[in-house]
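The values are calculated or read from the model by the stated rules, or taken from the named source; none is laboratory data. Since we're looking at a predicted model, the values are computed, not measured. With ideal geometry, Cβ positions are generated from the backbone for all residues, glycine too; neighbour counts draw on all protein chains shown.
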Amino acid sequence: MALLDVEDLSVTFRRRGQRTVHAVDGVSFSVDAGEVVALVGESGCGKSVTSLALMGLLPRRGAQVGGSANFDGTELLALDQRSMRDIRGKDVAMIFQDPLSSLNPVIPIGIQVTEVLVRHRGMSGDAARKEAANLLDRVGIPDPRRRLKEYPHQLSGGMRQRALIAIAVACQPRLLIADEPTTALDVTIQAQILELLKELVRDSNTALIMITHDLGVVAGMCDMINVLYAGRVVESARRKELFAAPRHPYTVGLLRSIPRLDVGRGEKLTPIRGSVRDVLPWSEGCAFAPRCDRRIDASIGEPPPMVPTHTGHSYRCVNPVPVEEKA
Ligand SMILES: Nc1ncnc2c1ncn2[C@@H]1O[C@H](COP(=O)(O)OP(=O)(O)O)[C@@H](O)[C@H]1O
Ligand SMILES: [Mg+2]
C-alpha cells in the first residue's frame, strides 16, 4: 500500500446554463513516502483540479468529485471540512500555483514561517526565528533577517513564491503537492528550489507530487511520471523509461518541446501543433486525435484503453510510437 493511492478520481463541473466540464476523468496514481511522482501536461489538462480535489479545496457547489484517494488509511474525499483542515498543513501541504492568494497579507512573512515551525515542529521563539531565516536563505531570499519583518505586498511575485515554498518545507509534511512551483521563477532560482524539494524528500521521507507543464523540470528528480491529457492519464512510466522510450505521441510532443542545452542555438523547438482546445470528447475516441500525426481510423469511435506493459509502463494509444523511434 502506498502512502497515497488515488483511484479513478474524477471531477465534473456542472453549472446551470453552462457546458458540463469533465476536468478530471478517471485518474489513478500512487505516491509512496520518499517518492517523487509527476503529473505533467499542458495548461487545462486537469493538474490543478486534481490537486485541489485531493486537498478538499474545490468549490463545494458545482464541482462533483468521484473515485477515491486513500492517504495512509484515510479516505480524503470523504472527510468533512474540519478533519481535512487538520490534515492540511500537518500531514499534507500544497504549494499553489498562485502564491498571492495563499499568504496572509496582514502578517509579516517571518511570523508566517515561524508560526509553522512552532506549531508543527514544536520549536520555541528564538530557535524558530533562526530556522525561519535559514529556510528563507535556502529558497534564495537574500537578506532573510530583514525579509522576515516584511509583509507579503513588499515582496515581488517570485519572492512570495519562494516564501510559500519555505513555509511548505517548514511543515515537513508527509505529502507535499507542488503545483507548478517554479513556473514564475528564473532558471537559477528554479534549480535551487528543485534542489531544496529533493532534499526535503530525501531528509524527511516526504512523498512529493510535482505538477508541471514542462517535462524538463521533472527530468532530474522524478521517480514516476504521469502524462495527462484532457483530464486523463495518457502515459505513465518510470522516469528513465518515459524519456528513453515514450510511446504516446503526446508525450513525444512534450519531449520535443523541452528546450535542450545540447542542441545548437539555431535549432528550433517543435511545439505540438494545434491547441488543447482542439479536443475530441473521450467518449468519441482519443482526445488527442485532432492534433495527432499518428492518428488512424481506430483512434476515433471508442476511447482508447490504457495498455499496460510488463515493466509497469502504460499508455493510452492505439497506434503508439515504436520504441526505437526516439523523440
Ligand atoms: N471552477 C471551475 N469551473 C469550471 N471549470 C473549471 C473550474 N476550474 C477548472 N476548470 C476547468 O477544468 C479544466 C482543468 O483545469 P486545471 O486543472 O486548472 O488545468 P491545469 O492542468 O492547467 O492546472 C480546464 O478545462 C478548466 O477550464
Ligand atoms: Mg494549473
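Here are the numbers for this structure:
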item: Sole residue being over 13 Å from residue 161 (Cα atoms), assigned by TED's automatic domain parsing to the domain that holds residue 195 and in contact with a Ser or Thr (Cβ under 7 Å, 6 or more places away or on another chain), chosen from 128, 133, 93; result: 128
item: Given (1) free of Cβ contacts under 8 Å to residues at least 24 places away in the same chain; (2) closer than 21 Å to residue 178 by Cβ; (3) of a type in the set (A, V, I, L, M, F, W, C), number of the condition residue 45 does not satisfy; result: (1)
item: Selection within region 180-206 - touching a strand residue (DSSP E or B) at 6+ places or on another chain (Cβ under 9 Å) and under 22 Å from residue 46 (Cα atoms); result: 180, 181, 182, 183
item: Residues that are acidic (Asp, Glu), crowded, with 20+ Cβ neighbours inside 10 Å and away from ligand 1 (no atom under 16 Å from the Cβ), drawn from region 160-215; result: none
item: Hits in region 32-47 - residues which are modelled with pLDDT under 95 and not in a loop (DSSP other than H, G, I, E, B); result: none
item: Candidates 43, 51 - the one that is more than 18 Å from residue 222 (Cβ to Cβ), within 16 Å of ligand 2 (Cβ to nearest atom), among the hydroxyl-bearing types (Ser, Thr, Tyr) and under 17 Å from the mean Cα position of the chain (by Cα); result: 43
item: Odd one out for residue 30 among (1) closer than 16 Å to residue 233 by Cα; (2) without any contact (Cβ under 8 Å) to a residue 60 or more places away in the chain; (3) surrounded by fewer than 16 Cβ atoms within 10 Å (Cβ to Cβ); result: (3)
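Let's see how each residue does on (1) touching a Gly at 6+ places or on another chain (Cβ under 7 Å); (2) aliphatic (A, V, I, L, M); (3) within 13 Å of ligand 1 (Cβ to nearest atom); (4) closer than 21 Å to residue 4 by Cβ:
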| residue | (1), (2), (3), (4) |
| --- | --- |
| 43 | no, no, yes, no |
| 64 | no, no, yes, no |
| 68 | no, no, no, yes |
| 71 | no, no, no, yes |
| 84 | yes, yes, no, yes |
| 87 | no, yes, no, yes |
| 104 | no, no, no, no |
| 117 | no, yes, no, no |
